[in-house]
Amino acid sequence: MAKWRKIECPEVVAVFETYSKEGRYAMYFHCQTTLVDTFKEIFRDDFKFEGNRAIVFEKTDQVPVKELRHCISLALTYHLNKKSVNKDITRRSSRRPAATKRRRDGG
């Protein structure tokens, strides 16, 4: 069984070092977010990824600090940004006049 050392962070992001794979650590993100997918789109050449959960590093990696800082910023503001987008979508749909709303039957 792998042993983990957890470095405490807010619930959206956590850093772990695994002792079963010496020299490897990862920054984990909540799997029910789109964070890692977003990071893959923006930084596919800068990081190694593990599914939709983590950015993985080897101890010997030269960590791209600026890019990692951006990922952490996105993670820490994820829920705030998500709420903002949802409010904007709700606001836009409620402003649309009834005549321009599409009917469900396609007509």
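No value in this document is a laboratory result; all are computed from the given coordinates. Just so you know, these numbers come straight off a predicted model, no measurement behind them.
Backbone phi angles across the stretch 22-38, fed through the Karplus curve with coefficients 6.51, -1.76 and 1.60 (θ = phi - 60°), yield HN-Hα couplings of 4, x, 10, 9, 9, 9, 9, 10, 4, 6, 8, 10, 9, 4, 5, 4, 5 Hz in residue order; Gly and Pro are listed as x.
Subtract the Cα-Cα distance of Thr34 and Glu58 from 0.36 nm times their separation in residues, and report this length gain in nm to one decimal.
6.3 nm
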